[in-house]
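Trainee: Next up is a structure, given as structure tokens.
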Amino acid sequence: MDIATVIGLIAGFGLMSVAIIMGGDPRVFVSGSSVVIVFGGTFAATLINSPLGDVLSVFGTVKNAFFHKVNPPETLIEKLVGFATVARREGILALETHASEAGDEFLEKSVQLAIDGTAPELIKDILTTELAFMEDRHSMGQSILTAMGTFAPAFGMIGTLIGLVKMLSTVDDPSGIGAGMAVALLTTLYGAVIANVLFLPAAGKLRVRTGMELLSKEIIIEGILSIQSGDNPRVVEQKLKAFISPAEREQIQIRR
């Protein structure tokens, strides 16, 4: 998993836990009814908002986005320039031995299409179609996570109203006021926490990871098309460097 995500989760929940413990008895922040209202309500609303298959698949999409390692653009450029050098010296068929060692399924597929002599227009069409559907899957995941981040605070407020009704219904019995007020406040707390520490940040991180993966795949498409057209490795290098910032270009080390 991305180290920033791990640090963020530990810091977010850790600091809140420390603040709760420092404030007194942490058991007052535990409410089963609040958990049921917020988590159950959020999940129920998500199922109403989106098809069951999409809701279930979003967990796989998020897992792949957070745990699947995307090759840095610099590494991809170095690898593609190396492929261009091999193709220039030995012919594009020589890349067949390198395809399985690419370490990237999309790159391996791209190299194989070029080796098979597929027309450049068809290669671009196949790869950009795959790119578009990957972006659609990730966008669906982002929208579901964003929706969950919207529903959670709303159900926190619903729990607050339930707690207030319960409290007011027992106004003649002071012993019931505390329990009603606890539910009223804790549901709002739970909704705000899971929305702003889990769902909305996860949607944002998925959006960032999608952008990184799109950039990597666009570099691969441009590199493979350039290699297939027989461009000089230096030309391939300059084409691909245009995708990244000047600071990132300085990190590229091409072996001649």
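The values are calculated or read from the model by the stated rules, or taken from the named source; none is laboratory data. Everything numeric here is computed off the predicted structure, so don't read it as measured data. As a convention, Cβ positions derive from the backbone with ideal geometry for all residues, glycine included, and neighbour counts pool all protein chains shown.
Trainee: Any chance the range 66-87 includes a residue that's of a type in the set (Lys, Arg), over 25 Å from GLN251 (Cα atoms) and surrounded by fewer than 18 Cβ atoms within 10 Å (Cβ to Cβ)?
Mentor: Checked the range 66-87: no residue is of a type in the set (Lys, Arg), over 25 Å from GLN251 (Cα atoms) and surrounded by fewer than 18 Cβ atoms within 10 Å (Cβ to Cβ).
Trainee: Report those helices (runs of 4 or more DSSP H) wholly inside the range 191-256 carrying at least 3 residues which are in the same structural domain as GLU121 (by TED's automatic domain parsing) and under 21 Å from LEU9 (Cα atoms).
Mentor: 200-228
Trainee: Write out, first by first residue and then by second, each pair whose Cβ atoms fall under 7 Å of each other, whose residues are 6+ apart or on separate chains, and whose first residue, in the range 66-81, is at pLDDT below 85 while the second is in a helix (DSSP H, G or I) and not charged (D, E, K, R).
Mentor: Filtered contacts from the range 66-81: PHE66/THR5; VAL70/MET212; VAL70/SER216; ASN71/SER216.
Trainee: Of the residues THR187, THR128, THR118, THR97, only one is more than 30 Å from GLY8 (Cβ to Cβ), of a type in the set (S, T, N, Q) and either touching a residue at least 60 places away in the same chain (Cβ under 8 Å) or outside the structural domain of VAL86 (by TED's automatic domain parsing) (or both); which?
Mentor: THR128
Trainee: Given LEU113, LEU56, LEU122, which one is among the hydrophobic types (A, V, I, L, M, F, W, C), surrounded by 13 or more Cβ atoms within 10 Å (Cβ to Cβ) and part of a helix (DSSP H, G or I)?
Mentor: Matching residue, one of LEU113, LEU56, LEU122: LEU113.
Trainee: ASP172: under 30 Å from ILE244 (Cα atoms) and either out of contact with any strand residue (DSSP E or B) (no Cβ under 6 Å at 6 or more places or on another chain) or in the same structural domain as PHE59 (by TED's automatic domain parsing) (or both), yes or no?
Mentor: no
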